[in-house]
1. Of the residues that make up segment 59-68, is at least one surrounded by fewer than 20 Cβ atoms within 10 Å (Cβ to Cβ), outside any loop (DSSP other than H, G, I, E, B), free of Cβ contacts under 8 Å to residues at least 40 places away in the same chain and touching a Phe, Trp or Tyr at 6+ places or on another chain (Cβ under 7 Å)?
2. Of the residues Val116, Val148, only one is over 16 Å from Gln62 (Cα atoms) and either in contact with a helix residue (DSSP H, G or I) (Cβ under 7 Å, 6 or more places away or on another chain) or without any contact (Cβ under 8 Å) to a residue 40 or more places away in the chain (or both); which?
3. In segment 136-150, is there at least one residue being among the hydrophobic types (A, V, I, L, M, F, W, C), at pLDDT 95 or above and in a loop (DSSP other than H, G, I, E, B)?
4. Go through Ile5, Ile32 for me and flag whichever is surrounded by 10 or more Cβ atoms within 10 Å (Cβ to Cβ) and at pLDDT 90 or above.
5. Among what's in segment 72-97 and is among the aliphatic types (A, V, I, L, M) and not in a loop (DSSP other than H, G, I, E, B), pick the residue that is surrounded by the fewest Cβ atoms within 10 Å (Cβ to Cβ).
6. Does Ala168 qualify as being in contact with a Ser or Thr (Cβ under 6 Å, 6 or more places away or on another chain), in contact (Cβ under 8 Å) with a residue 24 or more places away in the chain and among the hydrophobic types (A, V, I, L, M, F, W, C)?
7. Restricting attention to segment 139-166, which residues are within 15 Å of Ala100 (Cβ to Cβ) and of a type outside the set (A, V, I, L, M, F, W, C)?
8. Across segment 8-19, what is the number of residues that are at pLDDT below 90, part of a helix (DSSP H, G or I) and of a type in the set (A, V, I, L, M)?
Amino acid sequence: MIKVIDNYLPKEYVDNIEELFLKPEIDSSSEIAWFYNDYTASKDADYLKRIKDNKHFFDSYQFTHIFYNMGEEKSKHFGKIIKILEDTKIQWQGIERIKANFTTNLTNYKPGDIVVPHQDIRPNSDYYKNKKAISIIYYVHDTDGDTVFYDKECKKIIKKITPKKGRAVIFDSLIFHSFMRPIKSEKRVVINFIVNV
């Protein structure tokens with residue numbers, strides 16, 4: 001299940017979220033504190049094998065801001081972001097994680113290159129053995145850098161979603177997915193939610 005919803009939230013709230021992250025019309029910095037990560041997912045053996053097996057897969061840095069993780073609020077902005085989740089029609093039981101990802105245009109990045117696919121939860125983990133999780137990607141602004149969904153072997157693309165301000169994508173957390181870094185735009189900012197259902 002991959003469901004795309006445009007105009008996911010009221011326009012005023014969509015604009016407030018964009019301003020929180022990007023301050024598009026104000027000449028000042030964001031209210032969000034960003035933290036540098038050397039990679040976008042994990043560097044486990046399966047992940048590294050996917051890079052080796054596909055010449056278009058790669059990984060690189062990103063900046064993140066964690067709002068909520070494993071039962072704990074991690075950001076003073078959590079209250080501003082939770083509305084995105086509360087407005088879903090999903091009957092969620094609990095939150096696993098809410099984080100924002102900030103990726104930039106790279107000079108060595110070529111069209112067709114894709115960040116290595118990953119799943120948002122580990123299907124073989126004891127923690128997730130009896131749980132079902134749903135992921136939501138919320139697009140903070142208009143940009144390029146499609147989200148890409150794959151079959152179970154990460155060999156075939158099953159869907160591409162272009163970022164659009166106010167758009168949300170809801171999907172099973174076990175679906176392999178990835179993204180393309182922005183080429184035309186300088187930046188790409190999304191908010192990722194993982195919830196138990």
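The values are calculated or read from the model by the stated rules, or taken from the named source; none is laboratory data. Small disclaimer: the values here were computed from a predicted structure and weren't measured. Cβ sites come from the backbone with ideal geometry, for glycine too, and all protein chains shown count toward neighbours.
1. Among the residues of segment 59-68, at least one is surrounded by fewer than 20 Cβ atoms within 10 Å (Cβ to Cβ), outside any loop (DSSP other than H, G, I, E, B), free of Cβ contacts under 8 Å to residues at least 40 places away in the same chain and touching a Phe, Trp or Tyr at 6+ places or on another chain (Cβ under 7 Å), which makes the answer yes.
2. Values: Val116 fails: over 16 Å from Gln62 (Cα atoms).
Just one listed residue meets the conditions, Val148.
3. yes
4. Details: Ile32 fails: at pLDDT 90 or above.
The match here is Ile5.
5. So in segment 72-97, the residues among the aliphatic types (A, V, I, L, M) come out as 81-82, 84-85, 90, 95.
Next, from what is left, pick out any that are not in a loop (DSSP other than H, G, I, E, B): 81-82, 84-85, 95.
Numbers: Ile81: 20, Ile82: 16, Ile84: 19, Leu85: 18, Ile95: 20.
So, considering only residues that are among the aliphatic types (A, V, I, L, M) and not in a loop (DSSP other than H, G, I, E, B), the one surrounded by the fewest Cβ atoms within 10 Å (Cβ to Cβ) is Ile82.
6. Details: in contact with a Ser or Thr (Cβ under 6 Å, 6 or more places away or on another chain): no; in contact (Cβ under 8 Å) with a residue 24 or more places away in the chain: yes; among the hydrophobic types (A, V, I, L, M, F, W, C): yes.
Criteria not met by Ala168.
7. Going residue by residue through segment 139-166, those that are within 15 Å of Ala100 (Cβ to Cβ) are 139-141, 143, 145, 147, 163, 165.
Within segment 139-166, Tyr139, His141, Thr143, Gly145, Thr147, Pro163, Lys165 qualify.
8. Total meeting the criteria: 0.
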